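Laboratory data are not the source of any read-out in this text; all were calculated from the coordinates shown. Model, not experiment: these values are computed from the prediction. Because the Cβ atoms are built from the backbone with ideal geometry, glycine has one as well, and the counts that use them run over all protein chains shown.
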Amino acid sequence: VQLQASGGGLVQAGGSLRLSCAASGSIFSINAMAWYRQAPGKQRELVARITSDRRTSYVDSVQGRFTISRDNAKKTLYLQMNALKPEDTAVYYCYAERMENAYWGQGTQVTVSS
């Protein structure tokens, strides 16, 4: 499974961005997918997760502002980020679980200016 993330950029506080993660390769039987982020000097943290039956969960700090979704036909994972805050600044990574393996995409930088 290969994952290609895109959509990051520079945005002012209060703005919005939508991240995309295109999956390719052996994508059948992908179960959960997720977005993680890592800010400078901090550990990578789980931001949002979506299961194969589209159950979602979020870290408390983004609840109500971010929405994770997946389009299986387009083989793409999304993260809609609204009301962005400077503390959302990080490199965002997409992630997929297939059978007993985990796959990571390359990161995409999100920078929120105050």
Which lysines does LYS42 reach when only Cα atoms under 22 Å apart count, and residues fewer than 8 places away in its own chain are ignored?
LYS85
Could you list, bin by bin from short to long, the percent of Cα-Cα pairs of segment 60-114 in 5 Å steps?
4, 15, 22, 25, 18, 10, 4, 1, 0
Once Rh for segment 41-86 is found with the Kirkwood sum over Cα pairs, what is the Stokes-Einstein diffusion coefficient at 25 °C and 0.890 mPa s, in µm²/s?
209 µm²/s
Compute a Gaussian network model of the chain, connecting alpha carbons closer than 10 Å, and tell me which residue from GLY25, GLY41, GLY15 fluctuates the most.
GLY41
Between the modelled labels at ALA83 and TRP104 (7 Å from Cα along Cα→Cβ) the distance in nm is 3.1 nm
Which ³J(HN,Hα) values in Hz, rounded to whole numbers, follow from the phi angles of segment 23-32 under the Karplus curve 6.51 cos²θ - 1.76 cosθ + 1.60, where θ = phi - 60° and Gly and Pro get x?
9, 8, x, 7, 8, 5, 6, 5, 9, 6
Suppose each label sits 7 Å from its Cα in the direction of the beta carbon; what would the LYS74-ARG44 distance come out to in nanometres?
2.5 nm
If packing is taken as the average number of other Cβ atoms within 10 Å across a peptide's residues, how do 74-84, 95-105 rank, most packed first?
74-84, 95-105
Over the alpha carbons of the chain, what is the largest minus smallest coordinate on each principal axis, giving the biggest first in Å?
41, 25, 23
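What is the Cα radius of gyration of segment 1-58 over 2.2 N^0.38 Å, N being its residue count?
On the way: Rg = 13.5 Å, N = 58, 2.2 N^0.38 = 10.3 Å.
With N residues counted in segment 1-58, Rg over 2.2 N^0.38 Å equals 1.31.
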